[in-house]
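The values are calculated or read from the model by the stated rules, or taken from the named source; none is laboratory data. Quick caveat, the model's predicted, so the values are computed rather than measured. No Cβ is skipped: glycine too gets one built from the backbone with ideal geometry, and neighbour counts run over all protein chains shown. With ligands, DNA and RNA removed, areas are computed over all heavy atoms of the protein, side chains included. Shrake-Rupley method; radii C 1.70, N 1.55, O 1.52, S 1.80 Å.
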Amino acid sequence: MLGIEALLLIPFAISSKLFNKEQRLIYIYLISAVFYGIGCEVLARLYGNNMAFISCMMLVKFYILSFFYLKVLKSEKVHKAIRILLVACSVIFLADITVLEGPLKFNSIFISIRTFILIVYAILFFLQLMRDENLIERSIFIYSLPVFWFNAGLFVEMCCTFMLDLSFNMIQQAGPQEVLVSMYRITAALTWIAGIIQVFLFYIGLQKIKKAKA
């Protein structure tokens, strides 16, 4: 996955001057994903434990995507909820990494909550697009919008990641039972596939930007 994401950075970097604010946040998110992959690999090899880094990067990516949804979601009530959840998730992160599970374990409480919240944001945006009267009046199809494809990529990736988070949590709590390990392997494989789909959808979104600016 790291190699594919790194390759995707090339066309994104070349086209970065075309981006508006929300598209630039997706670009920053992609950079953070590559940094996350490299950091995980390096720390795992050097120290044998990269859990604290994973939790910190999950928080960073949560901030980036929260700002993205602040840009694309229109409801002021949703904006207020996003700001509250930013603070709440930061508190949960601090509690999880210091007291609840610690820096050497997978912080399943924080990570599962943040992933579920991002799934809700993605669903809210899909609903917003389907109900957008401005798009209907201008006869604009939602699949022609770059942000639709970016959101679709995030939604697919987050749904599979959420299942992986839950399975990892159960293994961590109950121990490496055969059924749980098998479930973890299945969800890990699904997450890898979802990551590839996300890269593909991000690339479609990038092409929509180029087409719109042409």
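For the reader, a short list of remarks on this structure follows.
- Restricting the first member to segment 46-66 and to residues that are closer than 18 Å to PHE162 by Cβ, and the second to residues that are open to solvent by less than 20 Å² (accessible area, probe 1.4 Å) and among the basic types (Lys, Arg), the beta-carbon pairs closer than 7 Å and six or more apart or on different chains are MET58/ARG114; PHE62/ARG114.
Here's the yes/no breakdown for (1) surrounded by fewer than 13 Cβ atoms within 10 Å (Cβ to Cβ); (2) more than 20 Å from SER108 (Cβ to Cβ):
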| position | (1), (2) |
| --- | --- |
| LEU8 | no, yes |
| ILE28 | no, yes |
| LEU46 | yes, yes |
| ASN49 | no, no |
| ILE54 | no, no |
| TYR63 | no, no |
| LYS71 | no, yes |
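- Some residue of segment 72-81 being touching a helix residue (DSSP H, G or I) at 6+ places or on another chain (Cβ under 9 Å) and among the β-branched types (Val, Ile, Thr): yes
- From PHE126, PHE116, PHE106, residue being assigned to a helix (DSSP H, G or I), in contact (Cβ under 8 Å) with a residue 40 or more places away in the chain and either closer than 27 Å to PHE141 by Cα or not polar (S, T, N, Q) (or both): PHE116
- Verdict on PHE200 being modelled with pLDDT of 80 or more, open to solvent by 20 Å² or more (accessible area, probe 1.4 Å) and part of a helix (DSSP H, G or I): yes
- Number of the exception - LEU118 against (1) more than 16 Å from the chain's Cα centre (by Cα); (2) among the aliphatic types (A, V, I, L, M); (3) open to solvent by less than 10 Å² (accessible area, probe 1.4 Å): (1)
- When ALA188 is tested against (1) touching a Phe, Trp or Tyr at 6+ places or on another chain (Cβ under 7 Å); (2) modelled with pLDDT under 75; (3) open to solvent by less than 60 Å² (accessible area, probe 1.4 Å); (4) under 25 Å from VAL120 (Cβ atoms), only condition (1) is not met.
- Checked against (1) open to solvent by 50 Å² or more (accessible area, probe 1.4 Å); (2) more than 13 Å from LEU59 (Cβ to Cβ), GLY102 passes all but a single condition, namely (1).
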